[in-house]
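Chemist: A single structure is presented below for examination.
The values are calculated or read from the model by the stated rules, or taken from the named source; none is laboratory data. Bear in mind that the values here come from a model prediction, so they are computed numbers and not experimental data. A quick note on method: Cβ atoms are made from the backbone with ideal geometry, for glycine too, and the neighbour counts reach across all protein chains shown. For accessibility, only protein heavy atoms count, side chains too; no ligands or nucleic acids. Shrake-Rupley method; radii C 1.70, N 1.55, O 1.52, S 1.80 Å.
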Amino acid sequence: MSLRHDFPRIGIDAIALAVPRRFVELTELAEARGIAPSKYLTGLGTRRMAIAAPDEDPITLGANAARRLFQRSGASPADIGLCVVGTETAVDHAKPAASFLHGLLGLPSACRVFEAKHACFGGTAGLLNAVDWIASGSARGRAALVVCSDVARYALGSAGEPTQGAGAVALLVRERPRLVEIEVGQTGTYARDVYDFWRPLHHKEALVDGHYSVQCYLDALAGAYGDWRRVAGDGDPLARTCYHVPYGKMARKAHRHRLAMDGLTEQAADESFAVEVEPSLDLPSRIGNIYTGSLYLALASLLNAEARALEGQRVGLFSYGSGCCAEFFAGRIGPEAGALVAALEIDAPLDGCRRASVAEYEALRQGDEAADRRPAPEGAERGGASLDSRVVYLGLDSSERRVYANE
Ligand code: CAA
């Protein structure tokens, strides 16, 4: 039985990305690590990983994605009454990423800002809270800005290394959304206390029980999808489904697992995968795992490839955050989404990226800890609110406050 209430139409009105300036070709990483490239390309379904330089971090990526969102969507920072930043690679134990963005974007003072951490689920926690904030009436006509921003790091040479990535996705959430109307109040949820992926306070790099984490993801998918089927009841079939994509093969495993619950064989699931899932994997395969933004990178990919063809159709969305919490929900692509996606030029930020050698990547990683401690240049000016320049990280001032500038 459907529990649908008469909520206003709420969802994602616009989307924008930011990526670091460099990426590594995984064929070159495989060669450097003495691994068959086919393991990364076919076995994991990955092609490239974006890597952050010392002047790029989750704040610069998040601010740059949000600035682009305002530039391309026609929305203004003055429209925003809630700003949530989902990240699991925060730059400060206390000061929230959302406060940095509040200043760098010039958001109104009457604006609720906070950071959401729940491994890769933090962005979805932000999005669904933003939707509920609007549905409750608290928004009073204002929009929400949800930014998912992370730099994924595993130890050099570890099994997780080829699944790294870095980047941010900014979402504008409001009533009468042009891109994806979310089915409000009809999410399927699953949570369980597991130790599949973690990062102790003194670690820059994540630790993971890799194969166990895959099983936890699949268990969580079964729990959330089962709950969603109960809550959402019968409805149009899902034309496409976007999954959390730590690496492309995980989406294939997820699709098989989900369709098995609907009684489909592995062969049938693989046949539908090419149509229903593959269009969402282009950007994740070119950028890597961006943790909180991974599901929304998959959605951006799908919209980029097929928005016009999917107008009016229903898509499924699955978010998984280690630890763990997962949510399955659905949305409908807007009737004029195709034209808007063309104007948003979603993947344009990738055009300016350049290939880094494995040696350059390793050197950048060695500088990681130092970047968090380096002093900002003497007399460096902090960047104020701006929408048309790129934010960079300079270092710490004499009171160990992070200094950001507009380039
Ligand atoms: N050619 C083609 N395929 C090959 C191959 C070759 N030469 N060699 C191996 N493969 C295949 C394997 O058969 C395997 O395929 P299946 O998964 O279909 O069985 C695949 O490549 C991977 O091989 P392994 O299982 O041997 O790989 P691994 O143990 O070295 O590492 C991993 C895999 C555990 C996922 C590792 O990449 C990892 O730890 N990643 C980080 C954790 C992660 O992403 N977990 C996902 C779920 S948790 C989550 O989603 C949250 C999050 O974002 C982190």
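Chemist: What ranking do 263-270, 79-86 get when scored by the average of other Cβ atoms within 10 Å per residue, highest first?
Modeler: Details: 263-270: 13.0, 79-86: 26.5.
The most tightly packed comes first, giving 79-86, 263-270.
Chemist: Nearest 500 deg cm²/dmol is fine: what mean residue ellipticity at 222 nm does the chain get from its DSSP H runs of n ≥ 4 alone, each adding -39,500 (n - 2.57), divided by its residue count?
Modeler: Working: 12 runs with 141 residues, N = 407.
It lands at -10500 deg cm²/dmol.
Chemist: If you don't mind, another one. Test of understanding: express the Cα radius of gyration of the range 25-132 as a ratio to 2.2 N^0.38 Å, with N the residue count.
Modeler: Working: Rg = 17.7 Å, N = 108, 2.2 N^0.38 = 13.0 Å.
Expressed relative to 2.2 N^0.38 Å, the Cα Rg reads 1.36.
Chemist: Same structure, new question: Give the peptides 366-376, 93-103 in descending order of average Cβ contacts within 10 Å, highest first. Before the final figure, lay out the partial values.
Modeler: On the way: 366-376: 13.4, 93-103: 18.4.
Highest mean packing first, the order is 93-103, 366-376.
Chemist: Which of Val341, Leu172, Gly43 sits closest to the plus end of the dipole of the chain, meaning its Cα is farthest towards the positive end, when Lys and Arg get +1 and Asp and Glu get -1 on the C-beta?
Modeler: Leu172
Chemist: Among the lysines in the range 10-406, how many pairs, 8 or more places apart or on different chains, have alpha carbons under 22 Å apart? Please list the in-between numbers first.
Modeler: Numbers: Lys39/Lys249; Lys39/Lys253; Lys95/Lys117; Lys95/Lys204; Lys117/Lys204.
Lysine pairs meeting the criterion: 5.
Chemist: Taking Cα pairs under 8 Å and at least six residues apart, what relative contact order does the range 10-406 come out at, in percent?
Modeler: Values: 941 pairs, mean separation 95.3, N = 397.
Value for the range 10-406: 24 percent.
Chemist: If you average the sequence gap of Cα pairs under 8 Å that are 6 or more apart and divide by the length of the range 64-115, what percent do you get for the contact order?
Modeler: Numbers: 51 pairs, mean separation 22.5, N = 52.
Value for the range 64-115: 43 percent.
Chemist: Sorting check: for 286-294, 9-17, which peptide has the highest mean count of neighbouring beta carbons within 10 Å, and how do the rest follow? The partial results should precede the final answer.
Modeler: Details: 286-294: 30.3, 9-17: 24.4.
Highest-to-lowest ranking by the protection proxy: 286-294, 9-17.
Chemist: Moving on to the next point. Let me have the relative contact order for the range 119-199, percent, based on Cα pairs under 8 Å that are six or more residues apart.
Modeler: On the way: 66 pairs, mean separation 23.1, N = 81.
The normalised contact order for the range 119-199 reaches 28 percent.
Chemist: Continuing with this model, one more query. Give the Debye-formula value of log10 I(q)/I(0) at each listed q (0.11, 0.22 Å⁻¹), with one equal scatterer per alpha carbon of the range 128-227, two decimals each.
Modeler: So the normalised log intensities are -0.53, -1.14.
Chemist: Return the carbon/sulfur percentage of the accessible area of the range 294-398, one whole number, probe 1.4 Å, all protein chains in place.
Modeler: After summing per-atom areas, the C and S share lands at 48 percent.
Chemist: What's the extension gain from Leu264 to Phe114 if we count 0.36 nm per residue and subtract their Cα-Cα distance?
Modeler: Working: separation 150, 0.36 × 150 = 54.00 nm, distance 4.17 nm.
Full-extension gain reported as 49.8 nm.
Chemist: Fully extended, how many nm does the chain gain between Val275 and Ala155 (0.36 nm per residue separation, minus their Cα-Cα distance)?
Modeler: Numbers: separation 120, 0.36 × 120 = 43.20 nm, distance 3.48 nm.
Taking 0.36 nm per residue and subtracting the Cα distance, the gain is 39.7 nm.
Chemist: Among Leu350, Leu387, Ala307, whose Cα sits farthest toward the positive end of the charge dipole of the chain (+1 at Cβ of Lys/Arg, -1 at Cβ of Asp/Glu, about the Cα centre)?
Modeler: It is Leu387.
Chemist: On the principal axes of its Cα set, how long, how wide and how thick is the chain? Give whole Å, largest value first.
Modeler: 64, 55, 39
Chemist: Using a 1.4 Å probe, what is the accessible area per residue for the chain, in Å²? Before the final figure, lay out each step's value.
Modeler: Details: 16250 Å² over 407 residues.
Dividing the accessible area of the chain by its residue count gives 40 Å².
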